[in-house]
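Notes follow once the structure below has been shown.
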Amino acid sequence: MRKRNAPGRRRTLAVMLLTAGIAGLTAAPGSPALAGEYTLDTARSVFAVLTHKAGIAAGLAHDHLIVAAAPTVALEFDRERPETTRFTFVVAVEALEVDAPAARAAWKGRLHELGIHSGELPPVPDSDRLKVRAAMLGASQLDAAQFPEIRAEVLGFESAAVKGTGGGPGGTLTLRLTIRGRTLERRMQATWSEQAGILEAEAFTELRGRDFGIQPYSTMLGAIRNDDLLHLFVHIVARAPATGG
């Protein structure tokens, strides 16, 4: 991230995020580090989707937390003009992680606070994780063979006079999201704060799988299935580069 010499002017974050969530966020292999790059807090940043179980036997199933590992992310942010925010995101579908135990433990509390999730996110057995991943990558869901990437872009941000859920300035951003070759635009609640050189931003919204041609997983004649409702959740924490003396 490069910062102009004048204080409070535009700061630009352009980084490679690897292993979102507590697995770590660092520069991608073979990609040179950019001058003025922000350093991300690896334990507090995530780009994730939460699915919700449904059906009369839902008690036997799990809500699933799917985290983007190894995405490429670029962010432009101006603390004085947040409405000019620009954000781009690309991740390989094959790089999506399903129900990583550390991620479920790290983010269940925040998802509950935001009202995205009302229950628990207990560990999921490895055998179930493998089944969910195989179904997720299949032709009826994300169809990784035909659509290997997910892309997102923030088109603008409208500031609000009141503080958001995270305690910082709040507002609404416009997100353009492409999954399975289909693109839609969605309004998304967001908050941000920047204090002592730390930038923290958070946003979330509801999605519907059918809008992207995704068929929710179903078994036992629908007694156990995933709801069509999904929640997209993004939380990024980054430290400003040293200015030098």
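If each of D41 and R239 carries a label point 7 Å out from its Cα toward its Cβ, how far apart are those two points in nm?
1.1
Want the number for S140 to R81: 0.36 nm per residue separation, take away the alpha-carbon distance, what's left?
My answer for the length gained is 17.0 nm.
Evaluate the distance, in nm, between pseudo-label points positioned 7 Å from the Cα of R187 and of L114 along their respective Cα→Cβ axes.
1.8
FRET efficiency for A105 and S127, Cβ-Cβ distance as r, R0 = 30 Å, nearest 0.05? Please list the in-between numbers first.
Details: r = 19 Å, r/R0 = 0.65.
The computed FRET efficiency comes out at 0.95.
Values quoted throughout were computed directly from the atomic coordinates according to the rules given, and no laboratory measurement underlies them. It should be emphasised that the depicted structure is a prediction, and the values quoted were computed from it without experimental measurement. Methodologically, a virtual Cβ is constructed for each residue, glycine included, from the backbone with ideal geometry; neighbour enumeration extends over all protein chains shown.
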